[in-house]
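Heads up, the thing below is written out as structure tokens.
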Amino acid sequence: MADFDLITPGGRLATYLDYLWKDHAYLRLGFRNAHWISDELVRTNQPWPHQIAEWKAMGVKTIINLRGGFDASFHALEKDACARLGMKMVDFTITSREVPIRDRVHGAKALFESVEYPALMHCKSGADRAGIMSVFYMHFRKGVPIREAMEQLSLKYLHVKQGKTGVLDYVFERYLAEGEPAGQTFLEWVDSPAYDVAAIKADFRAGMIGSVLTEKLLRRE
């Protein structure tokens, strides 16, 4: 695990430079991809420490990191900022190109039932992982049907369905094609034998143009 020195001025500068370059943080100085999806939860891209302070001033109490990245400069800076500001930081790792395992779906439900609001939830770009978690939030906490909650996975939030990240949409499309007609709730379907993570992933086909966009041009995480 990388050990970032945030005590000395030189160490903090080196951490910021690593964050600026390796995490493409310069792209997020003037663009947050921030959207309040309810009166208690905002989804956004990776925030800078000074932006976390601005979110606190707006009443945010909890930062939910969906990226993992425990050995990365962004995580070190975010953890440090939350500690200095007296904000709760929660790590909930989810991926953008995989079908979430059952435990992760249940974990998302538990997260939204237990976290202190108002909260900010982010991945790197605020598009894909923040998207699927926003679907879970709208469905599990707000009771919005999956068909409507899927709006959180849209180009409005810079999510590209046609690339490999479209597997996130495909999970819900399979439920609407199989589980909903059978009278199952989304969670009942997830807990059933029909929710075969490997098989669902194998059945998904990403479009070539969308894949070039997400993998080569946007270089989504």
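The values are calculated or read from the model by the stated rules, or taken from the named source; none is laboratory data. Quantities reported herein were computed from a predicted structural model and do not represent experimental measurements. Neighbour counts run over all protein chains shown; Cβ positions are idealised from the backbone, glycine included.
Restricting to segment 1-20, count the residues that are assigned to a loop (DSSP other than H, G, I, E, B) and surrounded by 11 or more Cβ atoms within 10 Å (Cβ to Cβ).
Residues that pass the stated criteria total 4.
Working carefully through the options Ala149, Ala182, Ala127, Ala108, find the one that is of a type in the set (A, V, I, L, M, F, W, C) and buried (at least 23 other Cβ atoms within 10 Å of the Cβ). Lay out the reasoning, then the answer.
Values: Ala149 fails: buried (at least 23 other Cβ atoms within 10 Å of the Cβ); Ala182 fails: buried (at least 23 other Cβ atoms within 10 Å of the Cβ); Ala108 fails: buried (at least 23 other Cβ atoms within 10 Å of the Cβ).
The unique qualifying residue is Ala127.
Quick one: in segment 21-50, which of the residues that are modelled with pLDDT under 95 and aliphatic (A, V, I, L, M) is surrounded by the fewest Cβ atoms within 10 Å (Cβ to Cβ)?
Leu29
Every residue, every condition in (1) surrounded by 22 or more Cβ atoms within 10 Å (Cβ to Cβ); (2) of a type in the set (Lys, Arg); (3) farther than 22 Å from Gly131 by Cα, yes or no:
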site	(1), (2), (3)
Ala57	no, no, yes
Lys61	no, yes, no
Asn65	yes, no, no
Gly69	no, no, no
Arg84	no, yes, yes
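Hey, among Ser134, Ser96, which residue is under 21 Å from Leu153 (Cβ atoms), among the polar types (S, T, N, Q), modelled with pLDDT under 95 and buried (at least 19 other Cβ atoms within 10 Å of the Cβ)?
Ser96
Considering only segment 88-99, I want to know if a residue exists there that is closer than 30 Å to Gln184 by Cα, free of Cβ contacts under 8 Å to residues at least 24 places away in the same chain and aliphatic (A, V, I, L, M).
Within segment 88-99, none of the residues are closer than 30 Å to Gln184 by Cα, free of Cβ contacts under 8 Å to residues at least 24 places away in the same chain and aliphatic (A, V, I, L, M).
Name the helices (runs of 4 or more DSSP H) wholly within segment 118-194 that hold at least 2 residues that are over 17 Å from the mean Cα position of the chain (by Cα), within 17 Å of Arg32 (Cα to Cα) and without any contact (Cβ under 8 Å) to a residue 12 or more places away in the chain?
none
Take the residues in segment 1-44 that are among the small types (Gly, Ala, Ser) and over 18 Å from the mean Cα position of the chain (by Cα), then tell me which one is nearest to Arg84 (Cα to Cα). Please lay out each step first, then the result.
Our first condition is that a residue be among the small types (Gly, Ala, Ser); within segment 1-44, this holds for 2, 10-11, 14, 25, 30, 34, 38.
Next, from what is left, pick out any that are over 18 Å from the mean Cα position of the chain (by Cα): 2, 10-11, 14, 30.
On the way: Ala2: 21, Gly10: 19, Gly11: 17, Ala14: 19, Gly30: 23 Å.
If we take residues in segment 1-44 being among the small types (Gly, Ala, Ser) and over 18 Å from the mean Cα position of the chain (by Cα), then Gly11 is nearest to Arg84 (Cα to Cα).
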